[in-house]
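So the structure is just underneath, and the comments pick up after that.
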Amino acid sequence: MFDPADDIRKNSNLAGFLNHCGADTYEDLLERSNADPDWFWSKIIDLAGIRFSHPFHTLRDFTGGPENIRWATGATLNLTQTCLDARIDLGLGGKTAIDWVAEDGTTRSWTYNDLAEQSARVAGALAARGIGAGDAVGIYMPMIPEIAAAFLGIARLGAIAVPLFSGFSAPAITARLNDSNARAVLTVDASPRRGKPVAMERTLVSAIDDLPLVQTVISLRRFGGTSADPARDLDWHDTIAAADPTFPAAPVDAAGPLMIAYTSGTTGRPKGVVHTHLGVQAKATTDFLLCLDLQRDDRHLWMTDMGWVMGPLTLISVLLAGATLVLAEGAPSTPDDPFRLLRVAAETKVTHMGVAPTLVRQFMVQDPAPLAGYDLSPLRIVGSTGEPWTDDAWLWQLAHICRHRAAPLNISGGTELFGAILTSTVLHRLSPGGFSTQALGVGAKVLRPDGSEADLGEVGELVVAQPPMGLTPTIWQDKARYLETYWSTFPGVWCHGDWVRHDADGTWYILGRSDDTLNIAGKRIGPPEIEAAMTLTGKVIDAAAIAAPDALKGVAVVVVCVAAPGVTPDAALVDFLKDAVGTAVSKPFRPREIHFVEALPKTRTMKTMRRIVRAAFLGEDPGDLSSVQNPETIAPIEALQGKQT
C-alpha cells in the first residue's frame, strides 16, 4: 500500500475541485457525477474554461438513447480557441509549451506563442491547397514539435486529424487514409533510429500511389529528402513559412469530428474512432487535470506516439493545464541507454510522467547502478496505463522511479473514451496494480453475462452505464459496427471488453481483455494472473498466456515467454514454472506447455498482443498486424506449432 504525501493531497487540483463543488469526499463527487451528469459536465466545462463561438441550448440530449447521446447541441467551438488562444490571453504566451529532446540529445523549445503561430501557419498552408472544414488530413510524423503544430493546425482549420503511428508500413497507411477519405498528409522525409535515418516520406508516397484523393503532402525534410511529385509534395519550411501566422480558428459544430483515431480489431479493417472538439477537452480535464493532478507548473513526459490515443491526449491535457510538454523522440529504452526515459526525465526536471508496466519490467532486469545518478526528486506524479501490473513491477516502480515520494497513479480506459473508466487519485490509498476508484461521470459497473450486477470480489465485464462527455459517438462511416461492437452485449450499456473485479476495499483490478480470458474446465481466469506467477519467479521477464485446444479439457493453458538474462531454458525450468503457476494460481491452470522466444509482439505502447501470440501459435489468421511494432517476433512463435514441452 502507498499513501500519497499530505502536501500532494492538499495542493491537488482534485482537492480544490471538491471544495469548489461542496463535496466532502471523492466518493460524494463520484455519486453526484453519475446521478446528475448535466451538473457535473457543466462544472467540467467551466473548470477547463472551454470557449464556445456560439453557446449550446441543451448540454445533454438523451432522446436517442445512451448510444446516440448528443452534447452541447446548437454550439460551435474550436479546440484551439481554448488550448491556444485562451492560454495566450491568460498571459502564458511566453511560457514554454514544448521542450523537445531528440534521440541524439539535441533540444528545441517552443513557447505557447510559437506553437500558436506554427499551428496557424499549418492551417493557412492547408487552406491554400483547398483543404477545408470536414476534410480529413493524415499525420505521419515522429514526436517532434512540428507534430503538435500539425495536429493543432488541422484542428484550427476545422479539418479532421488522422494521426498515424510513425512506424506504420505502407499498407497500414493506405488502409487508414483510404477509410478516412484523406485529402492531404503531413509528414517528414525520415526519422532517426539509433543514429540512422529511416525513410517515412518514401513509405508514405508508396502508400498513396493508389489514393488519388490525396493531392497534398507537406514534408519536413530533415535529412535532405527530395520530392517524388513536385506538384503534390511540398517542402514544409517553404510552405509553412509562407502561410498566415494569424489564421483564425474555424468554429465547428459541437458534434463535428476533431480526429479519427484508428484502433486495430481482431478481424476486419481497423476501427476509426471519432472524437470531437468538445469531448476531448472535457474528458482530458476530468482524467488528467483532476484525477492525475496535472497542474500549470508541471513538466509532463509520457513517451508515446501521436498514432496512439495517448499522443493527442497528453498534448491536449498539457495545453488545457497551461503546463509544459517534454517531448522525447525515440525509444524509452535502448541497449546502450536502458533507462533513457528516466535519464531524460531527470535531465529535463520532469514533474509529471507516464510509464508502461512492460517497460518497468524491462528496467527491472537491468543493472540498477545508473539510477543512482538520476535526480528524480522533482517527480510528483507517475501515471501508468496500457496493461495490468504485476506486484513486483509496481513495487519496483514505487522504489526506483517514485522513490516513495511521487504518487503512482494507474488509469485504464481506451481510445474510445479518450481517457479513463478506472483511475487512481492522490486522495486515495494506492494498492499494487490496482485502481483506487472509477473515473468521474462514467458509471462504471461489473456485470455478469446475464446483465445482472456482480457482487464485490466477483469477476465480470467492465461496462459504462453513464456515457461520459468524450465517449466516441461513432466509428467513422460505420454506425452499425459501432452499435454492434460496443452496445450489443448489454442493450443500452457500453461494454468495454475488459474483465474486472471490484473488491470490498474499493479497489478495482483489471484481469485482462474479456476476449483474452481463459476458460479452463469451466473456470475463468485472466492471462495476467498466470503471467505474473511466472515473472515473480525471476526466471522469466515477459510472458503471454493463451488458450489452446486440448483433447481432454477442451482448452488448456499454453504460455509463450522470454527467459530472464542468464537463465537457460530447459526441461527442469519448464517443470519449475509449471509448478509455480499451479502453486500461485491453481492446479487447473497449470500450463500444458511453456515455450521460450526472444521477444513477444508488442504495440508501441508496450502492450503484449496476446491475440497475435495465440494466432501465430495456432496457425490462425492474426487479423490486423499494423499496430505491431516488432513483427519479426511473429515467425518464431509460428515455428512453435506442434512442439510439446
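The values are calculated or read from the model by the stated rules, or taken from the named source; none is laboratory data. Remember, it's a predicted structure, so these values are computed and weren't measured experimentally. Here Cβ is always computed from backbone atoms with ideal geometry, including for glycine, and neighbour counts include all displayed protein chains.
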> In the range 568-589, how many residues are of a type in the set (Gly, Ala, Ser), surrounded by 14 or more Cβ atoms within 10 Å (Cβ to Cβ) and touching a residue at least 40 places away in the same chain (Cβ under 8 Å)?
Replying inline: 3
> Pick from PRO245, PRO197, PRO257: which is farther than 30 Å from LYS607 by Cβ and of a type outside the set (Gly, Ala, Ser)?
Replying inline: PRO245
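What do you reckon, is ARG592 over 21 Å from GLN362 (Cα atoms), in contact (Cβ under 8 Å) with a residue 24 or more places away in the chain, buried (at least 20 other Cβ atoms within 10 Å of the Cβ) and charged (D, E, K, R)?
Values: over 21 Å from GLN362 (Cα atoms): yes; in contact (Cβ under 8 Å) with a residue 24 or more places away in the chain: yes; buried (at least 20 other Cβ atoms within 10 Å of the Cβ): no; charged (D, E, K, R): yes.
No; evaluated as a whole, the condition is false for this residue.
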> Just one of the numbered conditions (1) over 19 Å from GLU387 (Cβ atoms); (2) among the aliphatic types (A, V, I, L, M); (3) not in a loop (DSSP other than H, G, I, E, B) is not true of LEU462; which one?
Replying inline: (1)
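Take the residues in the range 210-220 that are within 30 Å of the chain's Cα centre (by Cα) and part of a loop (DSSP other than H, G, I, E, B); name whichever of them is nearest to ASP104 (Cα to Cα). Write out each step before concluding.
Quick first cut of the range 210-220, residues within 30 Å of the chain's Cα centre (by Cα) only: 211, 213-214, 216-220.
From what is left, the residues that are part of a loop (DSSP other than H, G, I, E, B) are 211, 213-214.
Working: LEU211: 35, LEU213: 37, VAL214: 33 Å.
In this case the residue turns out to be VAL214.
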>> Looking for something more than 19 Å from TRP302 (Cβ to Cβ), more than 25 Å from the chain's Cα centre (by Cα) and of a type in the set (S, T, N, Q) - is there at least one such residue anywhere in the range 119-131?
In response: no
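Among PHE247, PHE223, which is part of a loop (DSSP other than H, G, I, E, B), over 23 Å from the mean Cα position of the chain (by Cα) and modelled with pLDDT under 95? Full working, then the answer.
Details: PHE247 fails: modelled with pLDDT under 95.
From the options PHE247, PHE223, the qualifying one is PHE223.
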> Assuming ILE260 fulfils every condition listed in (1) at pLDDT below 95; (2) β-branched (Val, Ile, Thr); (3) in contact with a helix residue (DSSP H, G or I) (Cβ under 7 Å, 6 or more places away or on another chain) apart from one, which condition is it?
Replying inline: (1)
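Residue by residue, here is whether (1) assigned to a strand (DSSP E or B); (2) at negative phi; (3) over 23 Å from the mean Cα position of the chain (by Cα); (4) not aromatic (Phe, Trp, Tyr) holds:
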position: VAL162; (1), (2), (3), (4): yes, yes, no, yes
position: GLY167; (1), (2), (3), (4): no, yes, no, yes
position: ALA175; (1), (2), (3), (4): no, yes, no, yes
position: ASP179; (1), (2), (3), (4): no, yes, no, yes
position: ARG183; (1), (2), (3), (4): yes, yes, yes, yes
position: LEU186; (1), (2), (3), (4): yes, yes, no, yes
position: VAL198; (1), (2), (3), (4): yes, yes, yes, yes
position: THR203; (1), (2), (3), (4): no, yes, yes, yes
position: SER206; (1), (2), (3), (4): no, yes, yes, yes
> Does GLY279 satisfy being crowded, with 24+ Cβ neighbours inside 10 Å, in contact with a Gly (Cβ under 8 Å, 6 or more places away or on another chain) and among the small types (Gly, Ala, Ser)?
Replying inline: yes
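Inside the range 512-610, counting only strands (runs of 3 or more DSSP E) that do not spill past its ends, which hold 2 or more residues that are of a type outside the set (A, V, I, L, M, F, W, C), out of contact with any His (no Cβ under 9 Å at 6 or more places or on another chain) and modelled with pLDDT under 80?
Working: elements: 518-520, 523-525, 540-550, 554-563, 593-596.
Filter on the range 512-610 gives 523-525.
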> Just one of the numbered conditions (1) touching a residue at least 12 places away in the same chain (Cβ under 8 Å); (2) surrounded by fewer than 22 Cβ atoms within 10 Å (Cβ to Cβ); (3) of a type in the set (A, V, I, L, M); (4) touching a strand residue (DSSP E or B) at 6+ places or on another chain (Cβ under 9 Å) is not true of ALA241; which one?
Replying inline: (4)
> What are the residues in the range 196-233 that are surrounded by fewer than 20 Cβ atoms within 10 Å (Cβ to Cβ) and under 18 Å from ALA149 (Cβ atoms), if any?
Replying inline: ARG221, ARG222
> For LEU294, all conditions in the list (1) under 23 Å from ALA407 (Cβ atoms); (2) touching a Lys or Arg at 6+ places or on another chain (Cβ under 9 Å); (3) assigned to a loop (DSSP other than H, G, I, E, B); (4) touching a residue at least 40 places away in the same chain (Cβ under 8 Å) hold save one; what is the number of the exception?
Replying inline: (2)
